[in-house]
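What follows is calculated from the coordinates using simple rules that are stated; it is not laboratory data. None of the values given here were measured: they were computed from a predicted structure. Cβ sites come from the backbone with ideal geometry, for glycine too, and all protein chains shown count toward neighbours.
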Amino acid sequence: MEYIIYSDESVSKGEYFSDFFGGALVTNTNFNEVNSALEAKKQELNLTGEIKWTKTSVAYLDKYKQMIDLFFSFVKQNKVKLRIMFQESGHSYSPLHQEQIANRYHLLYYQFIKHAFGLVYHDGPADEPVYLKLYFDKMPVSIPENDAFKAHIAYLQNLWQFRKARIIIRHDDIAEIDSHKHCIQQCMDIVLGAMAFRLNNKHLEIPPGATEPGNKTKAKEALFNHIFELIKDADGIADFDITKTTLPDRARDRWIIPYRHWKFLAAEFKQKKD
């Protein structure tokens with residue numbers, strides 16, 4: 001059994017929320033069905049280039065809605081697990097040692113992979129190992145920093161919870177990818193971008209000299225609203241608050257629920273809150 005996770009990040013510093021990380025998990029048994037369907041839909045819609053949130057426009061809106069409809073059909077079936085992590089901007093830049101400040105991008109990515117999917121509660125075969133493949137979009141850091149990060153991620157398999165869950169992370173299974181070639185990654189990027197957009201009230205931005213948001217902004221808001229309804233349908237909940245961690249937040253639910261938000265709170269802020 002293999003679990004494949006596509007990950008990306010967005011908006012490291014937003015007015016209200018920052019440090020957005022997104023991930024989509026699919027098993028090797030479902031990968032061909034999901035990937036083939038998404039690639040076929042792209043061709044049907046004549047979307048020859050990479051689909052991504054920043055390209056959302058009036059012209060692309062209907063086509064992007066159709067792509068996301070198909071993507072969320074797999075999320076609702078739990079053939080794709082989708083996770084978004086973010087922080088409140090006031091909590092994003094807490095006191096850290098200099099080394100931690102330099103590595104905070106990788107530190108947050110590590111927390112995301114370790115916790116967001118509830119991997120240690122997976123439901124794979126009880127008598128077989130589970131191989132974890134991790135695909136990251138190109139990272140804006142040096143090669144030595146990336147090598148250190150990959151070693152840090154691979155070390156997760158040595159934690160007792162991961163050993164008990166039979167999770168194996170081979171070094172060669174941690175890779176940077178060209179998102180242009182991976183449709184699952186592209187669809188996840190749209191959802192990640194939509195959340196960063198709405199949580200930072202970008203839908204209210206009005207261009208200089210105008211009296212209302214521009215057409216591109218309106219298209220992005222419409223796509224976010226569409227995604228919002230798909231999330232509620234996938235998780236079977238009437239009320240979904242995008243500013244908070246998805247409930248229930250019991251450890252095992254982090255694996256079970258098809259779509260989850262995780263509002264990350266650093267340990268020192270948890271202590272202050274307590």
Q: Can you list which of the trypsin sites (Lys or Arg not before Pro) found in region 196-245 are DSSP loop residues with at most 15 other C-beta atoms within 10 Å?
A: Lys244
Q) Around Ile177, which amide H atoms from residues at least 5 apart in sequence, or from another chain, sit under 5 Å from its own amide H, with H modelled in the peptide plane? A) Phe136, Asp137, Lys138
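Give me Val130, Val80, Val26 sorted ascending by neighbouring Cβ count inside 10 Å, so fewest comes first.
Working: Val130 19, Val80 26, Val26 22.
Listing Val130, Val80, Val26 from fewest to most nearby Cβ atoms yields Val130, Val26, Val80.
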**Q.** Two-site label geometry, Leu159 and Asn30: point separation in nm, points 7 Å out along Cα→Cβ
**A.** 2.2 nm
Q) Between Glu212 and Lys181, what FRET efficiency comes out of the Förster formula 1/(1 + (r/R0)^6) with R0 = 30 Å and r the beta carbon distance, rounded to 0.05? A) 0.20
Q | Given charges at beta-carbon only (K, R positive; D, E negative), |dipole| of the chain in Debye | A | 320 debye
Q. Mean Kyte-Doolittle of at least 0.5 and a Cα length of 20 Å or more along the axis: which whole DSSP H helices of the chain meet both?
A. 183-199
(Q) Taking θ = phi - 60°, what integer Hz values does the Karplus form 6.51 cos²θ - 1.76 cosθ + 1.60 yield along region 164-177, in sequence order, with x for Gly and Pro? (A) 4, 7, 6, 8, 10, 10, 7, 4, 6, 8, 10, 9, 8, 10
(Q) I'd like the distance separating the alpha-carbon centroids of region 177-206 and region 20-45, in whole Å. (A) 16 Å
Q | Loop-resident sites, region 194-241, for GluC sites (Glu not before Pro), counting at most 14 other Cβ within 10 Å (DSSP) | A | Glu205
(Q) If each DSSP helix of 4+ residues adds -39,500 (n - 2.57) and the sum is divided by the residues in the chain, what number results at 222 nm, nearest 500 deg cm²/dmol? (A) -14000 deg cm²/dmol
Q: Answer with a single label: of [x] 28, 24, 18; [y] 42, 24, 18; [z] 59, 23, 17, which was calculated as semi-axes √(5λ) of the Cα gyration tensor in Å from the structure in view?
A: [x]
Q.
Relative contact order of region 2-265, please, whole-number percent, based on alpha carbon pairs below 8 angstrom and at least 6 residues apart.
A. 31 percent
